[in-house]
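Below is one structure, written out as structure tokens; the observations come after it.
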Amino acid sequence: MLALIPLIPFGGFLVNAFLGKRLPKSVSGGLATLLMVISFIIAVTQVSALMGMTPENRQINQTLFTWITAGDFTLDVAFRLDALSAVMILVITGIGSLIHLYSTSYMHEETDAEFARFFSYLNLFCFFMLMLVLGSNVLVMFVGWEGVGLCSYLLIGYYYEKKSASDAANKAFIVNRVGDFAFILGALLLVVTFHSLDFTTIALAVKEMPKEVTFGTLSLITLLMFIGATGKSAQIPLYVWLPDAMEGPTPVSALIHAATMVTAGVYMIGRNAMLFEHAPITLTIVAIIGASTALFAGTIGLVQNDIKRVLAYSTVSQLGYMFLAMGMGAFGAGIFHLYTHAFFKACLFLGSGAVIHSLHGEQDIRKMGGLKKHIPVTYWTFLIASVAIAGVPGLAGFFSKDEILFETFAHGHQILWGMGILTSLLTATYMFRLVHLTFHGEERFHEVVAAHGHAAHDAPAHAAPDSHAAPDSHAAPDSHAAPDSHAAPRHSTHSTHLHDAPWPMATALIVLALGSILAGYVGIPHALGGHNALGAWLEPAFNATNCGQPMTTGDLAGIAIENCAPGEGGEPAENAGLELTLMVVSSLVALAGIGLATFLWLKNKQIPERMAQQYSGIHQLLLNKYYVDEVYDATIVQPIKVVSTEGLWRGFDVKLVDGAVNGAGYFVSGVSVVLRLLQNGSVKTYAASMFAGAVAVLAYYMWR
Amino acid sequence: MPIGYYLVLSGLLFSIGAAGVFLRKNLITLLLSVEIMLNAVNLTFVAFGRQLGTNDGQIITFFVMTVAAAEAAVGLALVIGLFRHRESLNPEAFTTLKW
């Protein structure tokens with residue numbers, strides 16, 4: 001049953017990949033979406049079965065077959081559902097279904113074959129992602145890990161005829177290779193150290209070991225695995241691919257580059273929580289990298305002008321938060337933020353997709369503005385998600401972000417907490433800069449719309465909302481142009497007003513917006529009178545107490561207390577006061593950020609412009625993303641290129657390899673110039689040499 | 001008569017034949033020289049046959065003579081064919097069969 005969750009999307013991939021060309025769009029898109037929904041339903045049944053179990057053996061295992069047997073080392077292709085992977089599969093299949101639904105409308109302008117290709121990739125991605133989170137050992141996880149990387153590559157390069165898109169795809173793939181290489185090394189070191197790759201086995205073995213105070217094997221393993229995570233989850237120094245990955249279609253950005261794949265690194269650390277907990281040095285590095293990335297990406301996000309790029313840097317920044325939490329050993333908080341982030345960030349990306357779609361492919365927020373009254377559904381959902389990510393009390397982002405900041409502060413890392421709170425301010429500011437520039441203020445989009453109005457048929461990113469909007473569509477009040485004859489009236493309406501999201505897109509947006517409001521309520525902290533249900537639910541997964549072995553409750557309690565992070569088990573009364581204070585601080589910071597953005601980009605638009613001119617150095621630095629791409633190009637890409645062309649190509653390959661091959665040829669032909677003098681065609685010479693040979697042989701035998 | 005005489009004569013004949021093959025520039029003379037070499041060998045066979053008191057040497061000689069006859073027939077036919085091509089009997093005129 002468990003294996004069906006990934007295998008059903010895989011079936012969708014097979015159908016769309018091999019038959020997609022012959023299927024109409026409604027069938028290929030509908031099938032892909034339906035299969036994801038089925039997968040979601042199965043996931044829900046499995047998770048509810050999991051909920052029915054007692055916490056200490058809350059685990060569902062399914063072994064498909066034995067993959068590798070070598071000596072005493074065996075490795076199964078096995079799936080395991082526990083508290084942690086339960087959260088992940090719900091996010092993947094649930095948000096995945098919504099994004100599939102959204103895509104059926106968003107990609108509607110594509111031809112049948114391209115449409116099916118898109119959905120086959122999307123389904124394949126879900127298959128690998130589910131494999132990643134359900135795998136019960138490192139290698140199965142790694143198969144998923146590489147698989148999602150492949151799908152990410154395919155989907156970023158979906159518009160492969162566009163040079164920038166295929167470049168971005170290559171960049172994503174190659175940058176990830178660096179991380180994946182480290183991940184493989186980490187996995188190999190795990191095999192050497194523990195003779196096993198099964199997560200539970202490793203966790204139980206590690207549990208017996210003391211914490212590593214100096215840099216040792218565990219630190220090295222975890223550090224290597226974390227480098228893998230920096231690649232997949234876009235952290236410093238390997239984050240550079242994610243902003244470029246926005247070349248892919250917007251639903252892809254929402255699914256892969258916001259909600260699921262990029263969180264794989266966070267999940268991986270959560271999965272190996274016991275391992276990381278025993279390597280405090282690595283955890284400190286994780287926390288520092290996380291906090292730095294959060295702040296660094298936040299500052300870049302402040303000045304970008306491409307709606308999707310702002311969101312991309314925001315994603316990098318939020319992932320930094322998650323790693324900060326992981327580095328604090330507050331794994332529950334990190335996964336909590338992962339889970340809430342999936343809702344509001346997917347909603348933001350899908351909302352940006354709806355904006356881009358209504359503006360026929362325009363992504364520059366300087367050419368938007370005042371869209372609020374034209375596309376109300378998109379506006380309201382986008383606003384809700386922005387409020388959620390900003391950390392305004394009551395919405396999803398508030399609970400998870402505050403838990404992270406509280407854990408950071410409670411662990412005594414005031415500097416990291418300061419970076420976190422500063423990032424929180426930046427988050428609120430750049431999100432509301434985005435909201436104001438896109439939806440409020442004066443309308444700057446008329447040129448764009450007019451330019452596209454008559455070329456609508458050629459615009460690739462523009463779906464045809466009228467052609468499939470149901471007559472009773474509640475979601476698209478503006479799109480009431482005649483549903484039957486969509487070609488002619490569409491041209492005339494374009495120049496006058498914009499279309500809001502058609503119903504499949506609107507449905508996804510509304511559900512995700514509701515999620516952005518409600519998702520946080522599974523983890524209400526103790527300080528606010530809640531029970532932090534999610535944290536409690538996840539706790540056994542991190543402490544490896546649910547190893548499927550019979551345990552007495554006494555043992556369990558002992559372990560739980562022993563391994564409990566401070567703040568969760570320890571004095572709740574004293575911490576509650578601190579937590580409440582911190583909450584008030586971060587709420588004020590969030591509101592201040594929103595206020596600042598409103599002041600600067602809605603009320604006094606000349607101030608940011610003047611600031612940009614006055615501090616043009618800093619502005620240019622941020623606008624050019626700290627020139628990191630240029631630095632990487634100069635220090636890594638160019639040297640590799642030079643070594644490859646001059647050293648490996650012109651030196652090794654041309655001179656040595658080709659030299660050896662051609663040399664063998666020249667040698668043979670050179671020798672044969674001499675040798676062929678013997679074959680002169682004269683019968684008498686042949687006879688003479690034969691005679692001489694016979695004489696020589698005889699002479700040899702006679703005088704031997 | 002000791003066998004040494006026969007062998008010396010045979011050796012002389014063979015050398016004459018070989019020298020003829022290598023030195024003469026006429027295809028027909030070449031064939032004749034080959035015949036002389038064959039006959040030198042025949043002489044050796046017969047001499048040894050007699051020395052050892054068996055008939056084997058004589059039997060092999062008959063084989064050699066038949067083969068030599070066939071060889072002469074084929075060889076002469078080839079010589080005629082070659083002559084029709086090149087109007088020459090010099091073996092050095094026929095050196096096109098090479099690289």
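Read the figures in this text as sums done on the coordinates, not as results from a lab. Note that the structure is predicted; figures quoted are calculated from it, not measured. As a convention, Cβ positions derive from the backbone with ideal geometry for all residues, glycine included, and neighbour counts pool all protein chains shown.
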The correct pair for region A:1-154, radius of gyration to one decimal and Dmax as a whole number, both in Å and from Cα atoms, is 16.4, 55
Note to self, chain A gives a 222 nm [θ] from helices alone (DSSP H runs n ≥ 4, -39500 (n - 2.57) apiece, / all residues, nearest 500) of -21500 deg cm²/dmol
Karplus ³J(HN,Hα) for region A:269-276 (6.51 cos²θ - 1.76 cosθ + 1.60, θ = phi - 60°; Hz, whole; x = Gly/Pro) runs 5, x, 5, 9, 3, 4, 4, 5
At R0 = 25 Å the Cβ-Cβ FRET efficiency linking A:Glu208 and A:Phe65, nearest 0.05, sits at 0.25
With Rg from the Cα atoms and Rh as the Kirkwood inverse mean 1/r over Cα pairs, region A:587-704 has an Rg/Rh of 1.72
Computed on Cα atoms only, the convex hull of chain B has an orientation-averaged projected area in nm² of 7.5
In order over region B:86-97: 3J(HN,Hα) from phi, Karplus 6.51/-1.76/1.60, θ = phi - 60°, whole Hz, x for each Gly or Pro, gives 10, 6, 8, 10, 6, x, 6, 7, 10, 10, 6, 7
Dimensionless Rg/Rh of region A:166-303, both radii on Cα and Rh by Kirkwood, sits at 1.01
Given A:155-165, B:69-79, A:258-268, the highest-first ranking by average Cβ count within 10 Å works out to A:258-268, A:155-165, B:69-79
Quick calc, chain A, dipole around Cα centre from Cβ unit charges on Lys, Arg (+) and Asp, Glu (-), nearest 20 debye, gives 1720
In order over region A:64-76: 3J(HN,Hα) from phi, Karplus 6.51/-1.76/1.60, θ = phi - 60°, whole Hz, x for each Gly or Pro, gives 8, 6, 7, 8, 10, 10, 9, x, 8, 9, 10, 9, 9
Taking a crude spin-label model, label points 7 Å out from Cα along the C-beta direction, the B:Leu78 to A:His531 distance in nm is 10.9
Taking placed amide H atoms and a strict 5 Å upper bound, the residues 5 or more places from A:Leu371 or on another chain that come that close are A:Phe439, A:His440
On the formula 1/(1 + (r/R0)^6), with r taken between the Cβ atoms of A:Ser644 and A:Leu580 and R0 of 51 Å, the FRET efficiency rounded to 0.05 is 0.30
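How shielded is B:85-96 by partner chains, expressed as the average number of their Cβ atoms within 10 Å of its Cβ atoms?
Details: counts 0, 0, 0, 0, 0, 0, 5, 6, 1, 3, 6, 1.
For this peptide, the per-residue mean of nearby foreign Cβ atoms is 2.
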Between A:Leu64 and residues 5 or more places away or on another chain, the pairs with built amide H atoms under 5 Å apart involve A:Val77, A:Ala78, A:Phe79
In nanometres, the difference between 0.36 nm per residue of separation and the alpha-carbon distance of A:Asp167 and A:Glu609 is 155.9 nm
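In Å³ and rounded to a whole number, note down the convex hull volume per residue for the Cα atoms of chain A.
Spelled out: Cα convex hull of chain A, divided by residues, is 245 Å³.
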Eigenvalues of the alpha-carbon gyration tensor of region B:53-97, times 5 and square-rooted, give semi-axes in Å, largest first, of 34, 10, 6
For B:Asn26, placing the label point 7 angstrom along Cα-to-beta-carbon and taking region B:54-95, residues whose amide nitrogen sits under 13 Å are B:89-91
Region A:513-530 and region B:1-57 have their Cα centres apart by a whole-number Å value of 118
Descending packing, highest mean Cβ count within 10 Å first, for A:298-308, B:33-43, A:62-72, A:624-634 is A:298-308, B:33-43, A:624-634, A:62-72
Subtracting the Cα-Cα distance of A:Tyr701 and A:Ala451 from 0.36 nm times their residue separation yields 79.9 nm
Of B:8-19, A:242-253, ordering from highest average Cβ density within 10 Å down gives A:242-253, B:8-19
Given unit charges at Cβ for Lys, Arg (+) and Asp, Glu (-), the dipole magnitude of chain B about its Cα centre in debye, nearest 20, is 220
Expressed to two decimals, region A:326-380 has a Cα Rg over Rh, using the Kirkwood radius, of 1.20
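Tell me the Kirkwood hydrodynamic radius of region A:254-316 in angstroms, computed as one over the mean inverse distance between distinct C-alpha pairs.
With all distinct Cα pairs of region A:254-316 included, I get 13.1 Å.
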The local net charge around A:Val262, scoring Lys/Arg +1 and Asp/Glu -1 for residues other than A:Val262 whose Cβ lies under 12 Å from its Cβ, equals +2
Pseudo-spin-label distance A:Thr111 to A:Asn624, built 7 Å along Cα→Cβ, given in nm, is 4.1
Mean shadow area (nm²) of the C-alpha convex hull around region A:17-57 is 3.8
Around A:Gly441 (Cβ within 10 Å, Cβ-to-Cβ, excluding A:Gly441; K/R +1, D/E -1) the net charge comes to +2
